[in-house]
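Worksheet: one structure, shown below.
The values are calculated or read from the model by the stated rules, or taken from the named source; none is laboratory data. For clarity, every value in this text was computed on a predicted model and none was experimentally measured. Note that we place each Cβ from the backbone using ideal geometry, even for glycine, and neighbour counts take in every protein chain shown. Protein only, heavy atoms only, side chains kept; ligands, DNA and RNA dropped before computing areas. Shrake-Rupley method; radii C 1.70, N 1.55, O 1.52, S 1.80 Å.
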Amino acid sequence: MSRDIEQTIQEAEDAIANLDEIVENRLTEAEQKMKKGIVKGVIWIFITIAIYFIWGTTWFFWVSFSLNVLTVLGVIFGKVMIVKARKKMLKDDEK
C-alpha cells in the first residue's frame, strides 16, 4: 500500500511540474492564433474597402467593415489578456 501511495505522490509531483510547461505551450499556441486572426481581420478590412470602391455598395461596406473591425478589436483584446496572464504566471513563479 505504501508503494502505491509513493507512486501516486510521484505522479502528482510530475504532473504539477509539467503544468507550467503545458500552460506555456497553450499560451504560445493562443498567441500564434491571435496573430493569424489579426492578419485575417486586416485582410478582410482591405477586401471590404476594395469591394466598396469597385461596386459602391454602402450597406455592405458598413456592415462588413464594422464586423471586421470588431473582430480585429476582439482579437487584440484576447492578445492583451494573454499577455496579462503570462505576466501573472511569471509573477507567481517568482513567489
### Task
Roll a 1.4 angstrom probe over the protein heavy atoms and tell me the percent of accessible area of the chain that is carbon or sulfur.
67 percent
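Rounded to the nearest 20 Debye, what is the dipole magnitude of the chain about its Cα centre when Lys and Arg each give +1 and Asp and Glu each give -1 at the C-beta? Working shown, then result.
Working: 13 positive and 13 negative charges, 187 e Å.
Here the chain has a charge dipole of around 900 debye.
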### Overall form of the chain per C-alpha gyration tensor (a/c, 1.5; a/b vs b/c)
prolate
#### Entry: Between helix 58-94 and the chain: long-axis angle, C-alpha atoms, 0 to 90°, nearest 10
20 degrees
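Rolling a 1.4 angstrom probe over the protein heavy atoms, how many square angstrom per residue are accessible across segment 1-69? Could the numbers behind the result be given before it?
Details: 5670 Å² over 69 residues.
Roughly 82 Å² per residue, with all protein chains present.
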### Summary
In degrees rounded to 10, the 0-90 angle between helix 2-55 Cα long axis and the longest Cα principal axis of the chain is 10 degrees
### Query
Calculated from DSSP H runs of 4 or more alone, at -39500 (n - 2.57) each and per residue, what is the 222 nm mean residue ellipticity of the chain, nearest 500?
-35500 deg cm²/dmol
### Sequence of I54, I22, I82 when ordered by accessible area, the most exposed leading, probe 1.4 angstrom
I54, I22, I82
